[in-house]
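K.L.:
A single structure is presented below for examination.
Values quoted throughout were computed directly from the atomic coordinates according to the rules given, and no laboratory measurement underlies them. No experiment lies behind these values; they were computed from the predicted model shown. Virtual Cβ from ideal backbone geometry, glycine too; neighbours counted across all protein chains shown.
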Amino acid sequence: MANIVVNAVGQNCPIPVVMTTKELNAVTEAGTVETHVDNEVAVQNLLRLASSKGLEAKSEKIEEKHFVVTITVTGPLAEAACEECECAGDARENTVVVVSSDRMGEGNDELGKVLIKGFIYAVSQLEKLPKTVIFYNGGATLPVEGSASLEDLKNLEAQGVEILTCGTCLDYYNLKEKLAVGSVTNMYTIVETIANATKVIKP
Amino acid sequence: MLEKTFKKVFTFNSTTDAIAFERACKNNDIPGRLIPVPRAISAGCGICWSVPAEDGEKVEEFMKASELRCSGIYDMLL
């Protein structure tokens, strides 16, 4: 097993894709190519590169501005069908998901909590992921330790989705220390993000 | 897209059954989670219990030992 590490931190598209393609084409045995990048667009493009070559890939957010995309290869690649490296800008539409409650819809609370869990899971399965997910008021109880949606939200974050949670709300619920995914935001950013969205989804 | 792995999926006759099953599993440390029923199983609405394939037996045994019943068990790549 050969494990190749590509450090593309600080590089903008198409450099991370070019660097990774070069390593992929040079692979002589089964192993992984692990590319470190600092932006979501690079993550998206690397995942697209892997899928265009029919390779398994996964991404992970290590910390703020540090993502790792691991592409698994089973052996030398067949001659690359397309030599030029595809480098789309941000393919995601500027869709924003706004979660304002820990329940989906009105009626029964227990059912509402089950529904919101299902909603977030289904968002994480979307082919076209949203750019941002915003949590406020009751919604702020979802991206925290012990939340049933945490795993799905971490998956979203690893795929380059920005997760923002209202700081006032975390403070109100005494959850500031428990935020486990994404970052804290304020009303200005929330309003700007929603105002600049091409589409807003609210469960 | 996220990496897909093999899962065992348990469907139920009603939403209430699914919620009751979740409660029982949580109380007994049984692995898995509720997810919306995958389209491949049913186009209708519903929620089901999903576990990584390797934990499937644990859930089946738990179900046999309890009074809870599911309406179907599926192996899927999710």
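K.L.:
Beyond 22 Å, what share of the Cα-Cα pairs of the range A:2-73 is found? Please give it as a whole percent.
P.N.:
Percent of Cα pairs beyond 22 Å in the range A:2-73: 10.
K.L.:
From the helices alone, meaning DSSP H stretches of at least four residues, give me the mean residue ellipticity at 222 nm for chain B, per-run term -39500 (n - 2.57), in deg cm²/dmol to the nearest 500.
P.N.:
Roughly -9000 deg cm²/dmol at 222 nm, from the helical runs in chain B.
K.L.:
Looking only at Cα atoms, what is the convex hull volume of the protein assembly as shown per residue, in Å³?
P.N.:
153
K.L.:
Net charge within 11 Å of B:Thr15 by Cβ-Cβ distance, Lys/Arg positive one each and Asp/Glu negative one each, not counting B:Thr15 itself?
P.N.:
It works out to a net charge of -3.
K.L.:
So what's the angle, to the nearest 10 degrees on a 0 to 90 scale, between helix A:15-26 and the longest Cα principal axis of chain A?
P.N.:
50
K.L.:
Could you pull out every residue, at least 5 positions away or on a different chain, whose amide H is within less than 5 Å of the one on A:Val73? Hs are placed 1.01 Å off N in the peptide plane, and Pro or chain starts have none.
P.N.:
The answer is A:Gly31, A:Thr32, A:Val33.
K.L.:
Rank these for me by crowding, A:His66, A:His36, going from fewest to most other beta carbons within 10 Å.
P.N.:
A:His66, A:His36
K.L.:
From the gyration tensor of the Cα coordinates in the range A:95-201, what semi-axes in whole Å does the equivalent ellipsoid have, largest first, with each one equal to sqrt(5λ)?
P.N.:
18, 17, 14
K.L.:
Only Cα pairs within less than 10 Å get springs; with that Gaussian network setup on chain B, which residue of B:Glu57, B:Glu22, B:Glu67 has the largest fluctuation?
P.N.:
B:Glu67
K.L.:
While we're looking at this one, here's another question. Lys pairs in the range B:6-77, Cα-Cα under 16 Å, at least 8 apart or on separate chains: how many?
P.N.:
Taking the range B:6-77 as the scope, the lysine pair count is 4.
K.L.:
To the nearest 20 debye, what charge dipole does the range A:1-143 have about its Cα centre, counting +1 at the Cβ of each Lys and Arg and -1 at the Cβ of each Asp and Glu?
P.N.:
For the range A:1-143, the charge dipole is close to 220 debye.
K.L.:
Using the Cα centre of the range B:6-77 as origin and beta-carbon charges of +1 (Lys, Arg) and -1 (Asp, Glu), tell me which of B:Thr11, B:Pro38, B:Leu68 is placed farthest towards the positive end of the dipole.
P.N.:
B:Pro38
K.L.:
For the range B:16-31 and the range B:55-78, what is the separation of their Cα centres, given in Å?
P.N.:
So the separation of the two Cα centres works out to 11 Å.
K.L.:
Treating the angle as unsigned and between 0 and 90°, give the value, to the nearest 10°, between the Cα long axis of helix A:109-124 and the longest Cα principal axis of chain A.
P.N.:
20
K.L.:
P(r) for the range B:6-77, please, calculated from all Cα pair distances in 5 Å bins and given in %.
P.N.:
That works out to 3, 18, 34, 27, 14, 4, 0, in percent per bin.
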